[in-house]
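What follows is a short report on a single structure.
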Amino acid sequence: MENDYRTLLVAIDCSEDSGRVLARAAAVAGKDATLHLIHVIEPLALAYGADVPMDVSDLQSSLMDRARKAALEHAQRFAISPDQVYVELGSIEKTIQEKSDQLGADLIVVGSHTRSGLALLLGSTAKGLVPGAHCDVLAVKVDQS
């Protein structure tokens, strides 16, 4: 029985750590594997509560455009086709799990931090993916030592 992963969904935050996460995914992928890349942006209304006092659709659209550009730059460095790059709006864990199921992924790869602040959110994303995932989850430790 072959243990190679063939369909990998790599969740990145588009930070400098994303290259490290992608490199680890490429290293564990089977020789005929397909890498898919996802970056999820939480809706501003979800992140800041439903009562956002202004229309944030232009800002949300701008964030999506910049995220797509950054994700495509990361994908290009790892020869991931643009049609295998997904920039989605939604709940981070739920969106990653749904995309993984749609793709029939056998591995989700995500960065994991143990720092505080925004980095703590990403660490909790890795931890939160495990219970609902229908495949293996690889949390790549990306803390700077």
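The values are calculated or read from the model by the stated rules, or taken from the named source; none is laboratory data. Quick caveat: nothing in here was measured; it's all calculated off a predicted structure. A quick note on method: Cβ atoms are made from the backbone with ideal geometry, for glycine too, and the neighbour counts reach across all protein chains shown.
A few notes on this one:
- Counting the residues of region 53-98 that are surrounded by 14 or more Cβ atoms within 10 Å (Cβ to Cβ) and not β-branched (V, I, T) gives 20.
- Of the numbered criteria (1) over 22 Å from L44 (Cα atoms); (2) at pLDDT 90 or above; (3) assigned to a helix (DSSP H, G or I), the one A105 fails is (3).
- Of the helices (runs of 4 or more DSSP H) lying entirely inside region 1-94, those carrying at least 2 residues that are modelled with pLDDT of 90 or more are 18-28, 57-77.
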